[in-house]
Amino acid sequence: MPDKDAVHGHGEQSLSEAWKTAATVLQDAAPFTVPEGASAMTLHIEWGPGDPGTPPHRHSGPAFGYVLEGAVRFELEGEPERVIEAGGTFWEPGGDVIHYQDGNALADARTRFVVTMMCAPGAPMLELVDEKELAERAQLRAPRPTR
């Protein structure tokens, strides 16, 4: 695979050399840690209009996503909420970090995304965070946007 700086898109090349420009880097996340013995799981998620998505949770390892359609309202502990539109990417480190939001940012259309997660052996792919822990860690959440 060509390095990330050499990847630009299709050019005027023979088919035997098309692989050199066929890939486009969508995200380059570093550093991150994959739990020893981890497994990888890729999911397709689809939220209807306005669906808030999964309640606050965490993953046992890093997760990498790509928005196929619509827009995802995305928020990790310590980072401001943001909206990632179709064609955009996201990642999260996993571990202790709380993932507050991954819902549909659109009130009138569906949102679809694909996410690949590295799961620590014997740990669940997703663990919900209870209200008590959310309250205990409230100071770690970025200020909420005013709407």
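Values in this text are rule-based calculations from the coordinates and carry no lab data. As the structure is a computational prediction, the values presented were derived from the model and not from experiment.
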Quiz prompt | Most mobile listed residue (Ala40, Ala135, Ala120) in the chain, GNM with C-alpha springs under 10 Å | solution = Ala135
Exercise. May I ask for the distance between the Cα centers of the stretch 47-89 and the stretch 100-124, given as a whole number of Å?
Key: 6 Å
Quiz item: Using 0.36 nm per residue, how much length does the chain from Arg112 to Ala86 gain when fully extended, once their Cα-Cα distance is taken away?
Solution: 8.5 nm
